[in-house]
Amino acid sequence: MARLTSAEGEVLLDEFRRYLRDHGQPVTRPRDRVARVVLRSDEHLSVEQIHQQLVQQGEAVGLATIYRTLELLEKSGLVRAHDFGQGFRRFEPNPGQGSHYHLICLRCGRVEEFQHERLERMLPIIADEHGYEAERHRLELYGTCRDCRRRAFG
Ligand SMILES: [Zn+2]
Ligand SMILES: [Zn+2]
């Protein structure tokens with residue numbers, strides 16, 4: 001989720017610590033570090049990218065701990081996981097307000113976000129037309145990004 005302020009990131013981090021305590025899970029430094037990287041990011045990070053950032057910060061956190069922490073973050077609802085068909089998952093903070101959609105470049109793997117109010121309003125109407133009550137939705141557009149198109153045709 002882009003445009004998340006660091007204060008918002010801190011709030012999510014506090015919520016995660018509370019979630020761990022409420023569920024009898026120890027709040028360890030490695031878990032805290034992993035959560036901090038994901039919850040303060042404005043990107044859609046892969047496990048590899050999370051691991052790299054931790055290494056850059058001088059934090060030795062094993063992959064098993066990263067996976068386990070991501071699992072807990074997902075369960076807490078504070079993080080959303082995505083499978084964009086790239087062979088691995090990507091994670092982003094979930095502030096629980098205002099949904100957004102994704103554009104995924106099939107060439108370079110870049111993930112961009114967009115919002116669309118009119119589309120948002122249409123979805124429950126479409127559901128209703130089919131006799132559904134809409135609960136959640138997911139929209140992903142796959143294609144070639146601006147930069148890759150420029151490279152191909154420039
Ligand atoms: Zn996103
Ligand atoms: Zn691209």
Subject >> Amide H partners (placed H, <5 Å) of ARG80, local residues excluded >> reply: GLU92, ASN94
**OP:** Could you tell me what percent of the DSSP beta bridges with both partners in the chain are antiparallel, to the nearest 5?
**Re:** 75
Subject >> Whole-Å distance, taken between Cα centres, linking the stretch 52-96 and the stretch 7-47 >> reply: 10
Original post:
All other residues with a Cβ under 13 Å from the Cβ of ASP128 taken together, and with Lys, Arg as +1 and Asp, Glu as -1, what is their net charge?
Top reply: -2
Subject >> Mean separation of Cα contacts under 8 Å (6+ apart) over length of the stretch 6-93, as relative contact order % >> reply: 32
Subject >> For the stretch 3-154, with +1 on Lys and Arg beta carbons and -1 on Asp and Glu, the positive-most of ILE66, GLY77, PRO124 along the dipole >> reply: ILE66
Subject >> Neighbour-limited loop hits for GluC sites (Glu not before Pro), the stretch 48-78 (at most 10 other Cβ within 10 Å; DSSP other than H, G, I, E, B) >> reply: none
Original post:
Restricting to the stretch 101-153, what percent of DSSP beta bridges are antiparallel, rounded to 5?
Top reply: 50
Original post:
Looking at PRO93, VAL37, LEU54, which one has the Cα that reaches farthest to the positive end of the dipole of the chain (charges on Cβ: Lys, Arg +1; Asp, Glu -1)?
Top reply: LEU54
Original post:
Which residues' amide hydrogens lie under 5 Å from the amide hydrogen of LEU139, considering only partners 5 or more residues apart or on another chain, with H built in the peptide plane?
Top reply: HIS102
Original post:
Hey, what do the phi angles of the stretch 85-92 turn into as Karplus ³J(HN,Hα) couplings, whole Hz, using 6.51/-1.76/1.60 and θ = phi - 60°, x for Gly and Pro?
Top reply: x, 9, x, 8, 9, 10, 10, 9
Original post:
If exposed trypsin sites (Lys or Arg not before Pro) are those in a DSSP loop with at most 10 other Cβ within 10 Å, what is the longest stretch of the chain that has none?
Top reply: 4-135
Original post:
Amide H of SER46: which non-local residues (sequence gap of 5 or more, or other chain) have their own amide H closer than 5 Å, using H built in the peptide plane?
Top reply: PHE91
Original post:
Are there chymotrypsin sites (Phe, Trp or Tyr not before Pro) in the stretch 10-114 that DSSP marks as loop and that have at most 14 other Cβ atoms within 10 Å, and which are they?
Top reply: PHE88
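Rule-based calculations on the coordinates, nothing more; no lab input. These figures come from a predicted structure and were not determined experimentally. All Cβ positions, even for glycine, are placed from backbone atoms using ideal geometry, and neighbour counts span all protein chains on display.
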